[in-house]
Ligand code: SER
């Protein structure tokens with residue numbers, strides 16, 4: 001019987017032998033912002049599937065920690081659902097596709113794991129004839145055990161991202177577990193999915209469109225927690241070696257036995273599952289909090305604690321539970337053992353908090369519930385959540401126990417106004433002092449005077465020094481300042497302010513109130529109110545920033561000219577190193593369009609037109625056709641910035657004097673950021689020179705490697721790709737020729753109308769092809785070929801013509817090879833780990849098919 005550690009290493013070992021790089025599990029906290037947690041083995045590889053980044057490996061294999069909450073409400077009520085799990089995966093990044101991925105999966109499951117092929121079923125997508133053919137022909141699986149499914153066999157990472165049709169392997173747990181009929185029609189508890197092969201072909205965009213991926217790839221996922229019950233011959237995930245010891249700890253910690261009472265069992269399973277999840281999440285750096293990942297963790301811990309509480313436990317249980325998890329998973333994930341003290345302290349602290357919450361919250365909830373008639377107002381659920389940290393799901397559960405519903409709509413409304421308040425608070429968080437303090441400054445000293453459109457330095461005086469906690473981290477207010485305060489997407493200036501007694505390094509500048517410019521600074525020496533000061537901005541940074549700001553205006557105008565007037569600015573960032581511009585547009589910008597946009601913007605630059613800035617009354621400016629997207633932000637008198645012949649915008653930012661100063665405008669990326677909004681990132685000035693230089697160096701390097709002129713690189717690559725395709729075909733032909741020779745050899749050794757032969761060094765795929773080809777020559781009743789592909793495993797293929805049944809023969813021999821097997825009446829395979837049994841199996845075969 002294989003334990004979890006053996007399965008993990010057998011899996012990665014098998015794929016390593018087949019050219020896959022074995023990589024460690026990535027964190028449960030993904031880099032990818034589109035998912036909250038790592039929900040599948042493929043998540044860390046998303047950029048390689050999309051072609052956003054070149055894959056460093058063609059093939060990779062991992063055992064990936066995963067966490068999903070999709071079924072969290074079901075967890076505990078079944079023997080097979082869990083939130084934290086490990087996914088065994090093999091991946092091809094534009095390398096092999098279906099015809100290799102499917103036989104790999106089959107061979108691993110039946111030969112390495114030794115699962116009986118006759119108990120396996122597969123499903124393919126409704127549209128996927130190709131996959132069905134491979135299962136039937138190459139693998140030799142009987143068509144009656146291949147079923148088609150629709151949605152269920154289409155895998156997507158989320159609302160957006162890579163996706164494609166899939167094919168799944170199911171294990172039949174047998175009659176006692178539910179209705180027959182295969183995975184498509186039979187019982188869900190009876191046919192359990194153990195392996196999912198995703199044929200990554202598409203990318204789903206935010207607007208719902210599906211586009212082809214640059215290269216077709218493979219993403220497979222096999223749930224370790226699904227495979228272990230099969231291998232270990234137990235009906236429940238909770239009886240496997242990754243769960244049973246944790247469940248036993250849950251029994252000890254709660255003083256309840258498993259398997260006696262249904263409700264108690266649910267609670268014990270939740271405790272077990274959630275203990276694994278909390279241990280792994282905390283060890284990966286998630287901490288309980290009120291939002292995002294932290295909130296999910298908090299919910300997991302609290303759900304577990306609530307169950308223990310309901311079982312009448314008064315002691316703290318979580319630390320003990322995670323300790324047990326570490327003893328089970330610590331070998332595979334040593335970091336969990338290293339972090340154990342921290343993990344224990346974290347979950348226990350949360351548990352303590354929650355128990356106190358539970359006491360006060362329950363009392364309040366009971367009171368409220370007593371006063372309502374069937375529906376608990378959303379406000380109350382929100383207050384319990386906000387003030388007492390009561391997860392709303394918990395309120396729903398407890399309310400349900402008392403026969404009441406929660407007004408979820410009301411709850412959502414209350415939540416969203418809280419989110420709004422939270423955003424406001426975050427915006428204000430950069431201000432060390434309160435609004436009242438700022439107001440007092442502006443009232444006594446008047447608004448700051450900004451001279452930075454013209455001057456990069458000026459003599460001034462210190463109007464206010466506002467200190468936060470640390471006396472060296474201060475906020476300075478000056479009477480006159482050249483520092484631009486962040487606004488309209490343009491970042492605030494940095495620089496230096498000096499007085500006779502001190503020097504302040506300004507790291508950021510912002511408007512604390514309209515008209516009040518505040519410099520956040522780190523002070524050495526001392527700076528006092530009333531001192532004369534010299535204020536100097538970082539001129540290089542500002543120069544780069546203003547290039548990008550005017551560059552943004554030119555791009556904006558060009559975008560509207562090429563894509564249409566519906567293009568609206570949705571947001572922008574003007575920084576020294578790059579500009580980012582978000583705009584409304586419902587399709588991807590095509591290459592030709594992008595070229596045209598860049599051509600227009602860059603020819604504006606070449607015109608070297610002077611940038612005219614005028615002040616005008618808002619109404620006059622709008623009448624002149626100036627673009628004003630930020631409405632009333634600018635007061636009654638506005639600045640109109642005219643840059644070349646296409647661009648006229650209301651803008652308070654800093655701009656170049658003449659367009660030539662911008663230098664080349666180059667695009668870093670163009671992408672979708674969701675719901676009809678696109679994002680362009682671009683560079684100007686020196687950053688562009690660097691970017692373009694880097695790109696052209698790559699071309700020159702490629703041309704050197706390809707031994708052609710830089711202009712001929714694409715043509716040379718096209719040629720190379722065509723040649724590769726040709727030589728692949730040649731290779732396939734040669735391989736087929738080799739099969740012909742082998743077949744002739746086999747057939748000439750036929751005896752009593754059948755062939756029984758040993759051939760080592762061939763994979764089970766090759767043996768199968770050979771048997772199939774040999775029987776196809778006609779006149780033979782059976783062909784049995786066996787051998788060891790690599791000295792460590794035994795493989796056998798049987799082809800038969802009626803009335804002989806290949807499957808029966810394969811099954812009769814499987815035992816001698818120490819494994820399982822399966823197939824159809826015509827073609828079947830078998831295999832296992834007993835290499836020493838090959839000759840005996842062949843002798844037995846001779847007896848069966850040649851009557852010896
Ligand atoms: N991504 C697929 C899944 O999660 C296969 O790895 O099932």
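Every number here is computed from the coordinates shown, using simple stated rules; none is lab data. Since the structure is predicted, the reported quantities are computational estimates derived from the model, not experimental observations. Please note: Cβ atoms are built from the backbone with ideal geometry, for glycine as well, and neighbour counts cover all protein chains shown.
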So what's the projected area for the range 31-120, the Cα convex hull averaged over all directions, in nm²? 7.7
At 7 Å along the Cα-to-beta-carbon direction for both residue 179 and residue 360, put a label point, then send me their distance in nm to one decimal. 5.2
Note the full-extension length gain between residue 295 and residue 261 as 0.36 nm times their separation in residues minus their Cα-Cα distance, in nm to one decimal. 9.1 nm
Antiparallel versus total DSSP beta bridges in the chain: what percent is that, nearest 5? 85
Added length on full extension, which subtracts the Cα-Cα distance from 0.36 nm per residue, residue 671 to residue 99: 202.6 nm
Can you give the alpha-carbon Rg of the range 125-284 over 2.2 N^0.38 Å, where N counts its residues? 1.28
So for the range 515-656, Kirkwood radius off the Cα pairs, Stokes-Einstein at 20 °C and 1.002 mPa s: how many µm² s⁻¹? 125
Given R₀ = 60 Å, FRET efficiency for residue 486-residue 852 by Cβ-Cβ distance, to 0.05? 0.10
Determine the principal axes of the Cα atoms in the range 692-779, then give the extent along each, sorted from largest to smallest and rounded to whole angstroms. 74, 20, 15
Diffusion coefficient, µm² s⁻¹, Stokes-Einstein with Kirkwood Rh over alpha-carbon pairs of the range 700-852 at 10 °C and 1.306 mPa s: 93
So for the chain, using the alpha carbon gyration tensor with a ≥ b ≥ c as root eigenvalues (a/c under 1.5 gives rounded; past that, a/b versus b/c decides prolate or oblate), I'd call it oblate
Helix 340-371 against the longest principal axis of the chain: what's the angle in degrees, Cα atoms only, rounded to the nearest 10? 80
Taking the Cα-to-Cβ direction at residue 443 and at residue 353 and moving 7 Å from each Cα, how far apart do the two end points lie in nm? 3.8
Rounded to the nearest 0.05, what FRET efficiency do residue 722 and residue 31 give with R0 = 30 Å and r taken as the Cβ-Cβ distance? Could you check? 0.25
Under the helix-only model (-39500 (n - 2.57) for each DSSP H run of 4 or more, divided by the residues of the chain), the mean residue ellipticity at 222 nm, to 500 deg cm²/dmol, is -13000 deg cm²/dmol
At a Förster distance of 51 Å, what's the computed FRET efficiency of residue 387 paired with residue 760, Cβ-Cβ distance as r, to 0.05? 0.10
Provide the gained length on full extension for the span residue 541 to residue 70, in nm with one decimal, where the gain is 0.36 nm per separating residue minus the Cα-Cα distance. 164.9 nm
Distance in nm between residue 160 and residue 590 label points, each 7 Å along Cα→Cβ, equals 2.2
Please report the relative contact order for the range 466-565, taking Cα pairs under 8 Å with a sequence separation of at least 6, and give it as a percent rounded to a whole number. 26
Helix 98-107 against the longest principal axis of the chain: what's the angle in degrees, Cα atoms only, rounded to the nearest 10? 60
Spatial separation of Cα centroids for the range 819-852 and the range 128-198, in angstrom: 28
In vacuo Debye scattering of the range 65-107, one point per C-alpha: log10 I(q)/I(0) at q = 0.13, 0.22, 0.25, 0.26 Å⁻¹? -0.49, -0.76, -0.82, -0.85
Expressed in µm² per second, the diffusion coefficient of the range 754-803 from the Stokes-Einstein equation, with Rh the Kirkwood radius over alpha carbon pairs, at 37 °C and 0.692 mPa s, is 306
How large is the convex hull of the C-alpha atoms of the range 74-199 per residue, in Å³? 131
Which whole-number percent is the relative contact order of the chain (Cα, under 8 Å, 6+ apart)? 8
Centre separation in Å (Cα based) which lies between the range 221-277 and the range 713-728: 55
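Which ordering of 519, 553, 353 is given by a fewest-first count of other beta-carbon atoms within 10 Å?
The fewest-first ordering by Cβ neighbours comes to 353, 519, 553.
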Which of 172, 366, 436, 473 comes first, and how do the rest follow, when ranked by fewest Cβ neighbours within 10 Å? 436, 366, 473, 172
Could you state the number of Å between the C-alpha centres of the range 63-105 and the range 203-217? 21
To the nearest 10 degrees, how steep is helix 685-706 against the longest Cα principal axis of the chain, on a 0 to 90 scale? 30
